[in-house]
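Structure, as structure tokens:
The values are calculated or read from the model by the stated rules, or taken from the named source; none is laboratory data. On a predicted model such as this, the values are computed, not experimentally measured, just so you know. Note that we place each Cβ from the backbone using ideal geometry, even for glycine, and neighbour counts take in every protein chain shown.
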Amino acid sequence: KVIDLLTPLEKQDQGDLAIAYLLGTALLRDKQVARGQQIIDRILRDGDSAEARFLLGTAKVDAMEFNAAIEDFRKALELNPRLPDVYAFLGLAYKETGDMAAARADFQKELEQNPNDFESNLNLAVLLKQDQDFEGARKLLDRALHVRPGDPGVLYQLATIDLGTGKIDEARVRLEALVKASPEFVEAHISLATVYYRIKRKADGDREKALVQKLSAQKASAEQPAGQAKGKDQ
């Protein structure tokens with residue numbers, strides 16, 4: 001929707017950097033990197049800025065160049081410590097490099113500025129869950145679910161907390177609803193199979209296990225041509 005709204009406006013006034021920044025951000029998050037890069041280049045021509053650095057970092061995250069992205073995000077924060085979303089993306093980049101302490105700190109900083117930031121709530125909840133802080137994680141997940149009702153990733157994390165805290169029936173109900181709504185969610189099927197085996201429903205567990213194998217085979221088959229093509233190019 002942002003792209004649809006701003007594309008005609010950006011064509012009318014290419015000198016409006018606020019529109020360019022918002023449109024560039026939307027394009028990058030929609031994985032339209034080529035179009036987003038054109039806007040980034042135009043912003044950079046007007047000199048270094050927090051917005052340009054943030055867009056560059058976002059593009060590098062999409063390209064999985066996480067250490068380079070961290071440098072751009074840190075530069076963006078030097079130029080404008082209050083720029084929205086930068087701490088959230090910096091946390092994501094640190095998380096991908098394995099620096100969980102830095103990731104946790106940046107997610108928390110983003111939430112101090114914007115308590116409803118979805119990615120920060122979800123990712124910080126995952127880190128808290130790993131530390132066995134289930135109640136803290138649940139609070140953040142509930143907030144994330146308020147921002148995006150029905151989000152499968154959030155519902156899955158809540159189900160795994162139920163499973164980890166011994167609330168097996170609650171986990172079963174949540175996971176059954178999740179795989180019904182998102183039938184290709186492999187991890188949810190794996191967790192549901194685990195639940196069924198725990199409650200001695202072997203036939204149901206075997207069914208979920210078979211579904212996991214089928215979905216995994218389909219995914220491998222879908223990825224194989226691209227992998228073969230890449231191998232030939234190399």
*Out of all the residues in region 192-215, which are surrounded by 15 or more Cβ atoms within 10 Å (Cβ to Cβ) and either in contact with a strand residue (DSSP E or B) (Cβ under 9 Å, 6 or more places away or on another chain) or of a type in the set (A, V, I, L, M) (or both)?*
Leu192, Ala193, Val195, Leu211, Val212, Leu215
_Selection count, region 168-178, where residues are without any contact (Cβ under 8 Å) to a residue 24 or more places away in the chain, surrounded by 15 or more Cβ atoms within 10 Å (Cβ to Cβ) and more than 21 Å from Asn123 (Cα to Cα)_ = 2
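Looking at this structure, is Gly91 within 12 Å of Ser120 (Cα to Cα) and either among the aromatic types (Phe, Trp, Tyr) or within 19 Å of the chain's Cα centre (by Cα) (or both)?
yes
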*Which is modelled with pLDDT under 80, surrounded by fewer than 16 Cβ atoms within 10 Å (Cβ to Cβ) and within 21 Å of Ala69 (Cα to Cα), of Asp16, Asp41?*
Asp41
*Could you figure out which of (1) closer than 27 Å to Pro115 by Cβ; (2) without any contact (Cβ under 8 Å) to a residue 12 or more places away in the chain isn't true of Arg53?*
(2)
